[in-house]
Amino acid sequence: MKGLYFQQTSTNEETMFVFQERENLPVTEDYFVKLQVKACALSQINTKLLAEMKMEKDFFPVGREVAGVVLDVGSKVSFFQPDDEVVGILPLDSEDPGLCEVVRVHEHYLVHKPEKVTWTEAAGTIRDGVRAYTALHYLSHLSSGKSVLIMDGASAFGTIAIQLAHHRGARVISTACSLEDKQYLERFRPPIARVIDISAGKVHIAESCLEETGGLGVDIVLDAGVRLYNKDDEAPVKLQLLPHKHDIITLLGVGGHWVTTEENLQLDPPDSHCLFLKGATVAFLNDEVWNLSNIQQGKYLCILKDVMEKLSAGVFRPQLDEPIPLYEAKVSMEVVQKNQGRKKQVVLF
């Protein structure tokens, strides 16, 4: 039985992905479930976070968003039994790679998969669904009638965030990084209030948002990265289609919420003063926040269940690539790790 692992080079500049043979799994522990993996989605590995958490290993397991069938359960497992179809996200410290035929996982990281949801849909939606819920429900308290700007809405995560915002009755504005993305976003139903095409680099995001909201500014901003410096001060490789932090502060309305994915966000005193005058807040979207806080396990399971319910009801329609077999996972992970993919990649067993 083979599993996929990654190994960093001595310089930590490159990540190598390798298949390794694994021994047969031991008898299932008290609260653990033995799972036959049917599908596993691919996501970037945050090597910096692993280093900060002192979780670096010579070979680190790859693949965490899994869907599959329960083979066996521990003596104290209360939520599942053999033959149940389940989906979940393996914890950050899992010893088993999701990209393997059989894994062990604690029952508190799994929920039942609805019958009408496919393996690919379940594995490919679960993580982005959790991120969207964390950003829009827990960090920004989205409600009906609010205006929300979702940057790079045509990405796999942006797609789910837009659908959740629409479901909550919000008015959505989104940015498109290419003509293809713009066309994709314009086909959304219900329609997006405004699609801002930033592919040419000439459109001013703040002006467009203020125009759309009658000068009031948006209630919630969910970014996909942010530019901290002027273009002249940055290396050419970083000249991406990202908004400047001043643009986001400008387009925020009174009492607005800025949810950022930029872990090294730097706000100068004038930036903070402007946010103070608006009564606005900044929150950080950490993908692993539920993994790092055991006391929130009940809320986390509720989110997982709700994501699956909305997927089953058709509220969530994920942006998925064609599923691939396990033997192609190594090459696909290299692409995902370099953040070069747009659609969610799922390995189907």
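The values are calculated or read from the model by the stated rules, or taken from the named source; none is laboratory data. All of these numbers come straight from a predicted model, not from anything done at the bench. Methodologically, a virtual Cβ is constructed for each residue, glycine included, from the backbone with ideal geometry; neighbour enumeration extends over all protein chains shown. Heads up: the accessible areas ignore ligands, DNA and RNA and are worked out on the full protein's heavy atoms, side chains in. Shrake-Rupley method; radii C 1.70, N 1.55, O 1.52, S 1.80 Å.
Who wins for biggest fluctuation among W258, W119, W290 in a Gaussian network model of the chain, springs between alpha carbons below 10 Å?
W290
Pull up all non-local amide H partners of L320: gap of 5 or more, or a different chain, and H-to-H distance under 5 Å with H placed in the peptide plane.
Residues meeting the amide H criterion: K344.
Under a 5 Å amide H to amide H cut-off, with H placed in plane at 1.01 Å, what residues pair with V102 once short-range neighbours are removed?
For V102, the qualifying residues are V37.
Restricting to the chain, compute how many DSSP beta bridges are antiparallel as a %, nearest 5.
Roughly 60 percent of the beta bridges in the chain run antiparallel, per DSSP.
Please list 3J(HN,Hα) in residue order for segment 222-227, calculated via the Karplus relation 6.51 cos²θ - 1.76 cosθ + 1.60 where θ = phi - 60°; whole Hz, with x for glycine and proline.
Residue by residue, segment 222-227 yields 10, 8, 10, x, 8, 8 Hz.
Rounded to the nearest 0.05, what FRET efficiency do K54 and E180 give with R0 = 30 Å and r taken as the Cβ-Cβ distance? Could you check?
Taking R0 as 30 Å, the efficiency between K54 and E180 is 0.10.
Nearest 0.05, what FRET efficiency do H167 and E288 give at R0 = 25 Å with Cβ-Cβ as r?
0.50
Tell me the mean residue ellipticity at 222 nm calculated for the chain from its helices only (DSSP H runs of n ≥ 4, each -39500 (n - 2.57), averaged over every residue, nearest 500).
Taking each H run of at least 4 residues, the total per residue is -8000 deg cm²/dmol.
Full-extension gain between N46 and S143, please, as 0.36 nm times their residue separation minus the C-alpha to C-alpha distance.
Full extension of this stretch gives 31.8 nm more.
Once the piece of chain linking V18 and S312 is laid out straight, how much longer is it, given 0.36 nm per residue of separation minus the C-alpha distance between them?
Answer, rounded to one decimal: 102.4 nm.
Given segment 144-284 reduced to its alpha-carbon atoms as identical point scatterers, what log10 I(q)/I(0) does the Debye formula return at q = 0.12, 0.13, 0.16, 0.17 Å⁻¹?
-0.45, -0.53, -0.81, -0.92
What is the dipole size for segment 144-284, taken about its Cα centre, with +1 at each Lys and Arg Cβ and -1 at each Asp and Glu Cβ, in debye to the nearest 20?
The calculation lands at about 500 debye.
Please list 58-67, 74-83, 143-152 highest first by mean number of surrounding beta-carbon atoms within 10 Å per residue.
Ranking the peptides 58-67, 74-83, 143-152 by packing returns 58-67, 143-152, 74-83.
Could you list which residues have their amide H under 5 Å from that of V73, counting only those 5 or more apart in sequence or on another chain, with H placed in the peptide plane?
K34
Before I look further, what does segment 144-284 give for accessible area per residue, probe 1.4 Å, in whole square angstrom?
Heavy-atom accessible area per residue stands at 47 Å².
In the chain, what percent of the accessible surface is made up of carbon and sulfur (1.4 Å probe, ligands and nucleic acids excluded)?
50
Given the convex hull over the Cα atoms of the chain, what projected area results after averaging over all orientations, in nm²?
Convex hull of Cα atoms, orientation-averaged projection: 18.2 nm².
Please find the FRET efficiency linking N339 to K202, where r is the Cβ-Cβ separation and R0 is fixed at 22 Å, and quote it to the nearest 0.05.
My answer for the efficiency is 0.35.
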